[in-house]
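The values are calculated or read from the model by the stated rules, or taken from the named source; none is laboratory data. No experiment lies behind these values; they were computed from the predicted model shown. Glycine gets a Cβ as well: all are built from the backbone with ideal geometry, and neighbour counts include every protein chain shown.
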Amino acid sequence: MRAMLLVNPKATTTNQRTRDVLIRALGATLDLTVEETRYRGHAAQLSRGAHASGFEVVAVLGGDGTINETVNGLLNAEDGKRGDDGSAVDRPALLVIPGGSANVFARALGLPNNPVEAVGAVLEAIRDGRRRTVGLGQAIWDNQSRYFTFCSGLGYDAEVIRAVEGIRGTGRKATPTRYVNTALHHYLSTDKRHAAMTVEGPDVPPTGHIFLAIISNTSPWSYIGSRPVSPTPWASFETGLDLLGLQRLGLPSMVHLMPQIIGARDTLPTGGHLVQLHDEKEFTLSAGRPVAFQLDGDYLGEVERITFRSIPNALQVLV
């Protein structure tokens, strides 16, 4: 089986020795070509090339950002046969090895968070011929489009990611403690009085006064160390998109919400200040002013209007 492995040499939780061991293990089973990513967007370029060259598998050793780029490269490739639903029937399967700080997509697939253990699991999947077809989300804004594997966010959530990316730019790692501290610090200074956003869609009546919107393609949304954070616990790769919107950011509302979403849970959070959607094909968020926007944990700037769509059966994953 021909496979291209995309390696992010700056991945948070691996070093060169570990990467060498993992590459040797994969190379013993796969006809492996290894490429290192060198700049933002490089993984998308490499995965498009892998599709065009007829590779059967594209593997990723990296974090959620590298995986997102790879998925977008695969889905945006214009060559190849198309199915009745427009999907590329000969698109390479995806193989994921967690190497980032959170690894939400890999963990949502049920893979171990340890990269060595994850390689053992995916080698078993290759041996047994196990594949899983997953749906994706798509965000469309300002004549741009991008797919996401597990989540997107507008407002406070994306503002925290923007702040953490600024910290990472100084050479410090994005640890769970750093995310929590940044979120708490940013919460004290965020505007809790003037909500900007409204959500509506073909099957969604307009609902406004939203401060924070979390859009989920699966659950959990993130992790604090080993503890999952699940604001939309019914979201899955086999259904449409889910949304949790907060219409209040005051301390009492947040104190009520946090215990309901931290930890392994399968019940929806409750509260009169929550806007909740489940299994939606499409909806649009609009804002009276530019708001911060993130996709799979990658800050993408500010937007005033963005449409989210569910893309079912988009990708095959070896897992």
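Tabulated data
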| quantity | calculated |
| --- | --- |
| Answer residue from the range 287-318, given it is crowded, with 19+ Cβ neighbours inside 10 Å and charged (D, E, K, R) and is farthest from Val104 (Cα to Cα) among those | Arg309 |
| Breaking point among (1) surrounded by 15 or more Cβ atoms within 10 Å (Cβ to Cβ); (2) more than 22 Å from the chain's Cα centre (by Cα), for His185 | (1) |
| Residue check for Gly288: part of a loop (DSSP other than H, G, I, E, B) and either out of contact with any Phe, Trp or Tyr (no Cβ under 7 Å at 6 or more places or on another chain) or among the hydrophobic types (A, V, I, L, M, F, W, C) (or both) | no |
| Positions within the range 191-218 being aliphatic (A, V, I, L, M) and either closer than 17 Å to Gly153 by Cβ or in a loop (DSSP other than H, G, I, E, B) (or both), in sequence order | Ala195, Ala196, Met197, Val199, Ile210, Leu212, Ala213, Ile214, Ile215 |
| Residue count for the range 15-38, restricted to those that are in a loop (DSSP other than H, G, I, E, B), in contact with a strand residue (DSSP E or B) (Cβ under 7 Å, 6 or more places away or on another chain) and farther than 21 Å from Glu124 by Cα | 1 |
| The listed residue being in contact (Cβ under 8 Å) with a residue 12 or more places away in the chain, assigned by TED's automatic domain parsing to the domain that holds Ala195 and either more than 30 Å from Val57 (Cα to Cα) or crowded, with 18+ Cβ neighbours inside 10 Å (or both), out of Thr270, Thr284 | Thr284 |
| Looking only at the range 100-119, and only at residues there that are touching a residue at least 60 places away in the same chain (Cβ under 8 Å) and outside any loop (DSSP other than H, G, I, E, B), the one that is surrounded by the fewest Cβ atoms within 10 Å (Cβ to Cβ) | Val116 |
| Selection status of Gly301, over 25 Å from Pro202 (Cβ atoms) and at pLDDT below 95 | no |
| Inter-residue pairs, beta-carbon under 9 Å, first more than 17 Å from Gly100 (Cα to Cα) and in the range 171-197, second assigned to a loop (DSSP other than H, G, I, E, B) and basic (Lys, Arg), 6+ apart | Lys192/Arg248; Ala195/Arg248 |
| So Leu123, is it outside any strand (DSSP E or B), modelled with pLDDT of 95 or more and out of contact with any strand residue (DSSP E or B) (no Cβ under 9 Å at 6 or more places or on another chain) | yes |
| Subset of the range 292-319 (residues that are β-branched (Val, Ile, Thr) and over 30 Å from Arg127 (Cα atoms)) | Val303, Ile306, Thr307 |
| Checklist (1) part of a strand (DSSP E or B); (2) in contact (Cβ under 8 Å) with a residue 12 or more places away in the chain; (3) under 19 Å from Ile161 (Cβ atoms) applied to Gly301, failing item | (2) |
| Number of positions in the range 77-99 that are of a type outside the set (S, T, N, Q), more than 18 Å from the chain's Cα centre (by Cα), in a loop (DSSP other than H, G, I, E, B) and modelled with pLDDT under 95 | 12 |
| Pick from the range 135-170, criterion in contact (Cβ under 8 Å) with a residue 12 or more places away in the chain and among the polar types (S, T, N, Q), ranking: nearest to Gly297 (Cα to Cα) | Ser152 |
| Restricting the range 215-233 to residues that are buried (at least 24 other Cβ atoms within 10 Å of the Cβ) and of a type outside the set (Ser, Thr, Tyr), the residue that is nearest to Leu257 (Cα to Cα) | Pro231 |
| Residue list for the range 95-106, restricted to those being under 20 Å from Pro231 (Cβ atoms) and out of contact with any strand residue (DSSP E or B) (no Cβ under 7 Å at 6 or more places or on another chain) | Ser101, Asn103 |
| Check on Gly250, at pLDDT below 95 and touching a Ser or Thr at 6+ places or on another chain (Cβ under 9 Å) | no |
